[in-house]
Amino acid sequence: MRLGFIINPIAGAGGPLGLGGSDGMTSEDLERLHARPVAQERAERALRSMEKQPCFKDLRFLTCSGPMGADVLGRLGIPHEIVLSVPRWTVRTDTLKAVEVLKRQNVELIVFVGGDGTAKDICSVIDREIPILGIPSGVKMHSSVFLTRPTDAGLAIQIFSEIRRVVEGEVMDVNEKEFRAGRVSARLYCVALVPDVAGYRQSTKSISDSSSEWDEIEELAEYFLQSADRYTLYILGTGSTVAAISRKLGVEKNELTVNAVLGNRDVGRDLDESSILELVDRYDKRKVVVTPIGGQGFIFGRGNQQLSSRVLSKIRNEDIIVVATPTKLSKLKVLRVDTGDEEIDARLRGYWKVLTGYAKFKLMEVQ
């Protein structure tokens, strides 16, 4: 199978920095900020999972030079053909050119490493001519063209190589300026063709604004306030449910940032990974509060990459509080984690007690 392979080198690098995304930035910008090469790491995990499958020997990789594919493939010793040379500092137009070239090369599937912005760029060039499959690496991943985690790539491509069946996947257009300002503004950009690999592909992120769910959030937040320890540092993750808890504690919070509260005092706003690590080292009593992403179920690894594997390595499971309304949980079969660190993910898997209301809890499996 002729497989087009594209990496957006800067995808996801802004997450631990609390930037909310990397759209409009260049690889040079993020190197200057000392951002970790998240996309390269995730690409490597995906490729290693492909190597384990019987179909791997029949895959012919067509890719770009350097950080957009050839570096990782070469490092793993995977044979590949470079169809486009790109500069060291890549920009959005390099992705567009790469897709144009791959289309002319008659690839049968384009596997890309990136986020919603990368998916949108690819979709703008190929429309529905070639199926695509995303290796999740962005900060924002509202679209349903992505695998649940990079290590699912091997099985997904094995299935596709056998049945060659495609379904429709939504590519969402998320306004990054609004996103960075703390407001979620997403619309359907296009419908792409994706391999039919049910169970390995994530759903589109759902956003609820029903009045009944807001009542549930208020009830949950009130119970949190009544049971909170004023001497414990609460590191508050993203999401409207956690933002409501912050307001109950007396501190206004942007629902797309990570903040820290002690008692009713604001200890830190819009925290990045390094700021959180400093707080974790400073306070002996600390807890992390998170809520799953609607429709997808992720509690770590989507939209809150500041709460990285480095942070979680210093936080015990019993010091993580998961909160969610009954309405949100009714649409989720399981909760998920994708921190990029297999040991941390393994530690977090299992059954968790989720706070759902006033002294109400539900047991949910984390995968």
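Where a number appears in this text, it was derived from the coordinates with a stated rule and is not lab data. All of these numbers come straight from a predicted model, not from anything done at the bench. Methodologically, a virtual Cβ is constructed for each residue, glycine included, from the backbone with ideal geometry; neighbour enumeration extends over all protein chains shown.
Within segment 211-366, the proportion of Cα pairs with more than 25 Å between them is 21 percent.
Straight-line cross-link partners of residue 331 among the lysines, defined as a Cα under 23 Å from its Cα and at least 8 positions apart when in the same chain: 140, 205, 353, 360, 362. Under a Gaussian network description of the chain, with springs only between Cα atoms under 10 Å, the residue in 302, 247, 75 that fluctuates furthest is 75. Most tightly packed first, judged by the mean number of other beta-carbon atoms within 10 Å of their residues, the peptides 249-257, 131-139, 310-318, 152-160 read 131-139, 152-160, 249-257, 310-318.
Between residue 274 and residue 214, the simple label model (points 7 Å from Cα in the Cβ direction) yields a spacing of 3.9 nm. A simple spin-label model places the labels of residue 48 and residue 104 3.6 nm from each other, with each point 7 Å out along Cα-to-Cβ. Within the same chain, aspartates and glutamates fewer than 8 places from residue 285 are excluded, and of the rest, those with a Cα less than 18 Å from its Cα are 229, 266, 318, 319. Within the shell of other residues whose beta carbon sits under 9 angstrom from the beta carbon of residue 191, the net charge comes to -1, with Lys and Arg scored +1 and Asp and Glu -1. Counting only lysines at least 8 places from residue 57 when in the same chain, those with an alpha carbon closer than 24 Å to its own are 103. At 0.36 nm per residue, and after removing the present C-alpha to C-alpha distance, how many nm does the segment from residue 365 to residue 343 gain when stretched out fully? Result for the pair: 6.2 nm of gain on full extension. Measuring spread by the Cα atoms of the chain yields a radius of gyration and Dmax of 20.4, 62 Å.
Within the set of other residues whose C-beta is less than 12 Å from the C-beta of residue 108, count the net charge using Lys and Arg as +1 and Asp and Glu as -1. Taking every Cβ under 12 Å from that of residue 108, the sum is +2. Note on the chain: helix-only mean residue ellipticity at 222 nm, from DSSP H runs of 4+ residues weighted -39500 (n - 2.57) and normalised by residue number, equals -9000 deg cm²/dmol.
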